[in-house]
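Inspection log for the structure reproduced underneath, given as structure tokens.
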Amino acid sequence: MRTHALQVGSDPYFASRREQIVALAARYAVPTIYEWLAGGLISYGTSLAGMYRLAGTYVGRVLAGAKPADLPVERPTKFELAINLKTAKALGLNVPQTILIRADHVIE
């Protein structure tokens with residue numbers, strides 16, 4: 001049975017083997033989606049810049065005297081979609097214009 005597509009989660013195990021997974025997906029021509037840009041066809045996940053900004057505000061609050069236990073748990077609010085057209089071309093796929101319009105980043 002052939003795999004037709006692959007989604008790689010944000011688990012540290014997969015992150016530590018990112019290069020190997022990207023190479024295998026390219027070798028076997030499997031369209032792959034990742035949480036962060038990794039050379040695959042699509043990435044969709046939280047904005048890293050937004051997460052670092054949020055972490056910085058938490059550090060600022062703690063340094064200003066706030067107790068970490070009193071700080072609220074916040075969820076990410078900004079997600080980014082990136083499409084890699086170079087990978088799509090290598091896989092022989094056409095990415096619909098409706099998806100390209102929604103993308104935050106398009107890699108040519």
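Coordinate-derived values only; no laboratory data. Fair warning: this is a prediction, and the values are worked out from it, not measured in the lab. Counting neighbours? That spans all protein chains shown, and the Cβs are built from the backbone with ideal geometry, glycine included.
I want to confirm something. Restricting to region 27-60 and keeping residues that are touching a Gly at 6+ places or on another chain (Cβ under 7 Å) and not acidic (Asp, Glu), which single residue is surrounded by the most Cβ atoms within 10 Å (Cβ to Cβ)?
The initial filter retains those residues of region 27-60 that are touching a Gly at 6+ places or on another chain (Cβ under 7 Å), namely 32-36.
Remaining after also requiring not acidic (Asp, Glu): 32-34, 36.
Working: Thr32: 23, Ile33: 17, Tyr34: 26, Trp36: 16.
By that ranking, first place goes to Tyr34.
Residue under question is Glu35, and the condition is that it be touching a helix residue (DSSP H, G or I) at 6+ places or on another chain (Cβ under 6 Å) and of a type in the set (Asp, Glu); does it hold? Give the derivation first.
Numbers: touching a helix residue (DSSP H, G or I) at 6+ places or on another chain (Cβ under 6 Å): no; of a type in the set (Asp, Glu): yes.
Judged against the criteria, Glu35 is not a match.
So in region 61-108, with the set limited to residues that are under 19 Å from Glu35 (Cβ atoms) and small (Gly, Ala, Ser), which one is surrounded by the most Cβ atoms within 10 Å (Cβ to Cβ)?
The extreme case among them is Ala82.
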